[in-house]
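The values are calculated or read from the model by the stated rules, or taken from the named source; none is laboratory data. Bear in mind the structure is a predicted one, so any value in this text is a computation, not a measurement. Every residue, glycine among them, receives a Cβ derived from its backbone with ideal geometry; neighbour counts consider all protein chains shown.
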Amino acid sequence: MTVQLKRIHHVAYRCRDAKETVEFYQRMLNMDFQLAIAEDEVPSTKEPDPYMHVFLDAGMGNVLAFFELPTKEPMDRDRSTPEWVQHIAFEVETLDDLMAAKTHIEGEGLDVLGPVNHGVFKSIYFFDPNGHRIELAANTGRPDQMAELRKVAPAMLEEWSRTKRAPRHAAWLHEAT
C-alpha cells in the first residue's frame, strides 16, 4: 500500500493566549474561527494537562490551529534557529492584494518587512502576538520558470547534500531582481 494524502488537515502551533490569537488572525487575515476543543487530559497520552485547541480557516480547506497550554512553562521560540527560518506562509492572489494587506497590517500598528522579491514570488513579513513569523506571498513566476525550478530541484538538493554550498542552478531567481 502507498499512502495517498488528500491535503494537510491542520497545522498546529502553540500560542500564549487563545482568545488573543483568534482575534488577531480574524482582524489581520480575515480568518474564520472554526472550532475550539478543550480538555483536561491529553487524548493521545492521557496526561492530565488542560489545554485549549483553536482552529482557524486559512482558505481552500487549509486549517491553522493553536494550543494554549496554561500549565506549561511560558512559550519561547527555538533560539538555535534564526527567527526568519520558521514561519507560516499564506498565498494571496495578486501583487495588489499583497500591497493592500501590507497597508492594512501596518494600519493595525504592526511592523511589516517587504515586499521582498524571491524571483518567482514577492512576500511581506510580520509577527503574530505569539512571536510566530507570518509571510504573505503573491506568485509572480511564469510557467516556464516554475518548470525550470522543478527540473533542477533534484540536482540542487544532491549538490547541496555534498557541499553545503548554494548551488547555482537557479541563481537567476535573484540575479535578475
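Among the residues making up region 140-167, those that are surrounded by fewer than 15 Cβ atoms within 10 Å (Cβ to Cβ) and either under 19 Å from residue 92 (Cβ atoms) or in contact with a helix residue (DSSP H, G or I) (Cβ under 9 Å, 6 or more places away or on another chain) (or both) are 142, 146, 165, 166.
Among residues that are modelled with pLDDT under 95 and touching a Phe, Trp or Tyr at 6+ places or on another chain (Cβ under 9 Å), residue 114 is not included.
For the condition closer than 30 Å to residue 139 by Cβ, surrounded by 12 or more Cβ atoms within 10 Å (Cβ to Cβ), within 16 Å of the chain's Cα centre (by Cα) and free of Cβ contacts under 8 Å to residues at least 60 places away in the same chain, what is the one hit in 85, 22, 11, 54?
Result: 22 is the single residue among 85, 22, 11, 54 that is closer than 30 Å to residue 139 by Cβ, surrounded by 12 or more Cβ atoms within 10 Å (Cβ to Cβ), within 16 Å of the chain's Cα centre (by Cα) and free of Cβ contacts under 8 Å to residues at least 60 places away in the same chain.
Just one of the listed residues (63, 92, 85, 42) is within 23 Å of residue 126 (Cα to Cα), β-branched (Val, Ile, Thr) and either in contact with a Ser or Thr (Cβ under 8 Å, 6 or more places away or on another chain) or at pLDDT below 95 (or both), and it is 85.
Taking the listed residues 100, 171, the one that is free of Cβ contacts under 8 Å to residues at least 12 places away in the same chain, outside the structural domain of residue 62 (by TED's automatic domain parsing) and farther than 30 Å from residue 18 by Cβ is 171, with no other qualifying. Would you call residue 68 charged (D, E, K, R), at pLDDT 95 or above and either more than 19 Å from residue 105 (Cβ to Cβ) or surrounded by 14 or more Cβ atoms within 10 Å (Cβ to Cβ) (or both)? The answer is yes for residue 68.
For the residues 73, 108, 93, the requirement of being closer than 23 Å to residue 32 by Cα, of a type in the set (Asp, Glu), outside the structural domain of residue 29 (by TED's automatic domain parsing) and surrounded by fewer than 10 Cβ atoms within 10 Å (Cβ to Cβ) singles out 93.
Scanning region 84-95 for any residue that is closer than 30 Å to residue 147 by Cα and touching a Leu at 6+ places or on another chain (Cβ under 6 Å) turns up at least one such residue. Test residue 123 against the stated conditions and say whether it is of a type outside the set (Phe, Trp, Tyr) and either at pLDDT below 95 or farther than 25 Å from residue 21 by Cβ (or both). It is false that residue 123 is of a type outside the set (Phe, Trp, Tyr) and either at pLDDT below 95 or farther than 25 Å from residue 21 by Cβ (or both). Only one of the numbered conditions (1) under 27 Å from residue 109 (Cα atoms); (2) modelled with pLDDT under 95; (3) assigned to a strand (DSSP E or B) is not met by residue 76, and that is (3).
Suppose we filter region 1-39 for residues that are part of a helix (DSSP H, G or I) and in contact with a helix residue (DSSP H, G or I) (Cβ under 7 Å, 6 or more places away or on another chain); how many remain? The qualifying residues number 1.
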